[in-house]
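Take a look at the structure set out below.
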Amino acid sequence: MQEITRRVSFGMGVPARERVDHPVLGKIRKAEFAPQRTLADLAESQLGTVGSGNHYVNLMEDEEGRIWVGVHFGSRGFGHKTASGFLALAEGKRFGERAVEGEMDSPPVLFELDTELGQAYLSAMELAGEYAYAGRDTGVDKVLEILGVEAVHEVHNHHNFAWREEHFGRPYWVVRKGCTPARPGQEGFVGGSMGDESVILEGVESSENEQALYSTVHGAGRIMSRSQAAGRVRRRKRWRCGHRDCLYVAETPGTCREHGSKLLKTWVEEQVKPGLVDWPAVQARLREQDIVLVGGGADEAPEVYKRLPEVLAAHGSTIRIKHTLRPLGVAMAGRDVFDPYKD
């Protein structure tokens, strides 16, 4: 797990420690929607990097002792700037200018499909989706290289994406926010929390699944907000140890009392209001479960999520569980990563 976090970059806006080439980068440089080409350098620098928040790289074991690599992240800064660029265009601004984004329950921004802007959006969205696929494939390939193995089976699916599909005899744009496709026989990976099991499932033919537009969940879902879990913090510049999980912080330059290493100047979060989650207790509990955790924080603790088995039981008539995956190792962005989007 330490080798994974050494070679795979975690956090918002971070560049990859190890650059890789991929055909999708060439497509971005020649993107049909020309303004998207300006994001080529960003796309190249972040390909295969993992975000912050609930994004992760996990090692898991199924009921037959096989090892699975599970990753969860999307189209990174390339996708975010693509979407923000179209929001700016919808507001009469130029692509790349700052858009005024609404709250989660704001009305959607809609583009007419038979317009130049609508067609440009479809092209750009599909390219961002292809980039997300390439990034996840790249990240998994690096973990397989670290493990010294080759993949024998792959399950790969989007969420927070739009598909053109036919349902009930007519075409629809199906926007699956927080869920994934689950057509009969279609496999999906649904991750649990850092201390709970994940699953490989497949959709089944049923009237309930048909009514759900052949969709299922992509995770368990939160029952506690990030601020409830971790409390309220403020960010200040301090001197801290360079070891990833060392807690030593000082107000002046010097060396770490535990590791003897030179302190680095960085942003740190200081607790202003306590949260509901005892993070050291969570870390100890995970160690007792033989789960190696690198990074993470109170806002991603198992108790802030619903239990995945209970969520899946509510969808029992639409899916079938094929494999249950026990976590062995969990890698996430560290507590020092600032993420204004709280993804």
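The protection proxy used here, the mean number of other Cβ atoms lying within 10 Å of each residue, ranks peptides 297-306, 16-25 as follows, highest first: 297-306, 16-25. Beyond a 32 Å Cα-Cα separation, which of these cross-linked pairs lie in this structure: Lys27/Lys322; Lys93/Lys237; Lys265/Lys306; Lys273/Lys306? With Cα atoms farther than 32 Å apart: Lys27/Lys322; Lys93/Lys237; Lys265/Lys306.
Relative contact order, whole percent, for the chain stands at 21, derived from Cα pairs under 8 Å and 6 or more residues apart.
Legend note: in the chain, cysteines whose Cβ sits 4.7 Å or more from every other cysteine Cβ are Cys179. With the highest mean first, a sort of the peptides 34-46, 157-169 on other beta-carbon atoms found within 10 angstrom per residue produces 34-46, 157-169.
What the Cα atoms of region 77-186 give is an Rg and a Dmax of 17.2, 51 Å.
Taking the highest mean first, how do the peptides 181-188, 81-88 order by number of other beta carbon atoms within 10 angstrom per residue?
Descending packing order for the listed peptides: 81-88, 181-188.
Solvent-accessible area per residue in region 39-135 equals 50 Å², computed with a 1.4 angstrom probe and all protein chains kept. Ligands, DNA and RNA left out, the accessible area of the chain computed with a 1.4 Å probe is 50% carbon and sulfur.
The values are calculated or read from the model by the stated rules, or taken from the named source; none is laboratory data. Everything numeric in this text was worked out from a predicted model, so none of it was measured. Positions of Cβ are backbone-derived with ideal geometry, glycine not excepted, and every protein chain shown enters the neighbour counts. The accessibility values were calculated without ligands, DNA or RNA, using every heavy atom of the protein model including side chains. Shrake-Rupley method; radii C 1.70, N 1.55, O 1.52, S 1.80 Å.
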